[in-house]
Amino acid sequence: MLLLTTACSGGGKDEGVTVGEKADAQAPQVTIDPGDGDVKARPEKGVTVTAAGGTLDKVTVTLKGRPVAGKMADDKTRWRSRTLRPGARYQVTAVATSPEGKSTTVNSTFATHKAPQELRIADVTPSSNEKVGVGMPIIVTFNRAVANKKAVERVLDVKSTKPATGAWHWQNDTTVIFRTKNDEYWKPNQKVMFRARLAGVKTGKGTYGVADFKRGFRIGDAHMTIISTKTKKAVAKENGKTVRTWPISAGRGGRVVNGVDVYLTAGGVHLTMGKENPAIMTSEWMGVDPDDKENGGYKEVIPWAVRISASGEYVHEMASTVWAQGRQNVSHGCINSPPKDARWFYNWSYRGDPVDVIHSKRKLEPFNGWSYYEMPWNRWVKGSALDRTVTTG
């Protein structure tokens with residue numbers, strides 16, 4: 001077999017690199033785009049390698065010795081890479097063989113242009129390898145506003161050991177959230193992996209993603225807590241079985257602001273957001289100075305507190321209201337619990353556990369913390385730039 005590696009032929013850099021003399025009918029021609037020596041290749045175009053008069057045996061694209069992912073066409077005459085990192089230098093090697101058995105090998109080097117403006121992932125919740133509850137959302141925050149949300153959402157990928165149906169929802173121009181379908185939480189005791197193949201994605205005028213991102217976390221046991229403001233009782237379930245019941249005292253009501261009784265505990269599916277021991281709670285959340293006792297001002301140090309909303313609702317210990325727990329709602333909106341039960345709940349719960357408050361006259365809003373399950377599913381999906389659901393299996 002004759003290994004034929006010929007000199008480059010063809011036009012300028014926009015036409016790519018072509019190898020294989022036209023006079024040799026048995027040698028395949030290989031074209032690489034961007035062309036050899038290009039220093040301003042467009043990251044969003046990636047690399048395309050084509051073969052004429054034969055098929056591609058192998059295509060390797062590397063960045064600092066590391067391979068770049070790509071896909072070969074079914075007929076093996078075309079290979080295309082993923083998007084490329086801005087401001088980076090790449091090496092390409094391609095091998096093609098003709099039906100007559102003659103081979104052509106080509107090598108090329110080029111560089112992508114730098115991003116005038118860089119888009120990066122600034123933060124992701126949950127934390128790396130964190131064990132979380134079955135309601136846990138994936139919250140992705142970017143360092144700047146995303147103009148082309150469709151382009152970004154296409155490169156966001158969620159995989160789980162056990163399949164789930166979910167969807168992305170853009171809360172604003174810098175934050176996108178993934179959650180599972182209403183009433184269909186993550187299945188317990190499994191792994192979830194979030195990936196963003198963001199490098200080289202053009203997200204706006206002069207703006208490119210500059211780095212990929214990967215974050216894995218674990219789903220723990222299925223925790224579900226149901227709290228009734230009517231019976232004044234909390235019931236905690238683990239994997240469908242009741243593991244603890246305790247008396248509570250919920251919000252007493254009686255302070256209406258903009259048509260909302262802020263002293264009532266909001267009714268709906270909350271998610272546990274974090275833990276504080278102790279939590280410093282003041283009346284500043286409702287615009288009242290803690291020293292203004294006549295208008296309901298207060299400042300208290302509260303142990304064993306698990307936050308369930310952004311508006312200041314917690315499940316926490318309150319020894320001073322044990323007399324009311326199970327009998328009367330006396331709090332400013334939190335779930336007062338006996339010391340031993342509050343401590344147990346604090347130690348038992350994960351972030352992302354559903355806490356369903358029932359029988360309240362006040363409705364929980366969908367973005368009061370992580371209360372995303374309060375939004376109807378069809379409306380949640382409409383918040384996807386691609387208007388689609390995602391299967392994570």
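The values are calculated or read from the model by the stated rules, or taken from the named source; none is laboratory data. Remember, predicted model here, so these are calculated numbers, not experimental data. Ideal geometry is used to build each Cβ from the backbone, glycine not excepted, and the neighbour counts take in all protein chains shown. Note: areas computed on protein heavy atoms with side chains; ligands, DNA, RNA excluded. Shrake-Rupley method; radii C 1.70, N 1.55, O 1.52, S 1.80 Å.
For the stretch 321-332, a residue qualifies if it is farther than 14 Å from Arg252 by Cβ and not hydrophobic (A, V, I, L, M, F, W, C), and exactly one does: Gly326. Given the criteria within 38 Å of the chain's Cα centre (by Cα), open to solvent by less than 50 Å² (accessible area, probe 1.4 Å) and closer than 30 Å to Met136 by Cα, does Ile280 qualify? Judged against the criteria, Ile280 is not a match.
Among the residues of the stretch 178-188, is any at pLDDT below 95 and more than 18 Å from Gly383 (Cα to Cα)? Taking every residue of the stretch 178-188 in turn, at least one turns out to be at pLDDT below 95 and more than 18 Å from Gly383 (Cα to Cα).
When you scan the stretch 91-111, do you find a residue that is under 14 Å from Ala199 (Cβ atoms) and either modelled with pLDDT of 95 or more or outside any loop (DSSP other than H, G, I, E, B) (or both), even just one? Among the residues of the stretch 91-111, not one is under 14 Å from Ala199 (Cβ atoms) and either modelled with pLDDT of 95 or more or outside any loop (DSSP other than H, G, I, E, B) (or both), which makes the answer no.
Please verify whether the stretch 229-236 includes one or more residues that are in contact with a strand residue (DSSP E or B) (Cβ under 9 Å, 6 or more places away or on another chain), closer than 18 Å to Asp341 by Cβ, open to solvent by less than 10 Å² (accessible area, probe 1.4 Å) and of a type in the set (Ser, Thr, Tyr). No, the stretch 229-236 has no match at all.
Can you find a residue in the stretch 176-185 that is touching a Ser or Thr at 6+ places or on another chain (Cβ under 9 Å), crowded, with 22+ Cβ neighbours inside 10 Å and not in a strand (DSSP E or B)? Looking through the stretch 176-185, none of the residues is touching a Ser or Thr at 6+ places or on another chain (Cβ under 9 Å), crowded, with 22+ Cβ neighbours inside 10 Å and not in a strand (DSSP E or B).
Picking from residues in the stretch 117-153 that are assigned to a strand (DSSP E or B) and farther than 27 Å from Lys191 by Cα, the one that is farthest from the chain's Cα centre (by Cα) is Gln117. Looking at the stretch 246-267, can you tell me whether even one residue there is within 18 Å of Trp348 (Cβ to Cβ) and either hydrophobic (A, V, I, L, M, F, W, C) or within 28 Å of the chain's Cα centre (by Cα) (or both)? Yes, there is a match, as at least one residue in the stretch 246-267 is within 18 Å of Trp348 (Cβ to Cβ) and either hydrophobic (A, V, I, L, M, F, W, C) or within 28 Å of the chain's Cα centre (by Cα) (or both).
Only residues that are under 21 Å from Pro126 (Cα atoms) and touching a Cys at 6+ places or on another chain (Cβ under 7 Å) were counted in the stretch 267-324, giving 2. Taken together, the residues in the stretch 186-227 that are open to solvent by 20 Å² or more (accessible area, probe 1.4 Å) and of a type in the set (A, V, I, L, M) amount to 5.
In the stretch 79-105, the residues that are crowded, with 16+ Cβ neighbours inside 10 Å form Cβ pairs under 6 Å with partners that are among the hydroxyl-bearing types (Ser, Thr, Tyr) and not in a strand (DSSP E or B), at six or more places apart or across chains, as follows: Thr105/Thr5.
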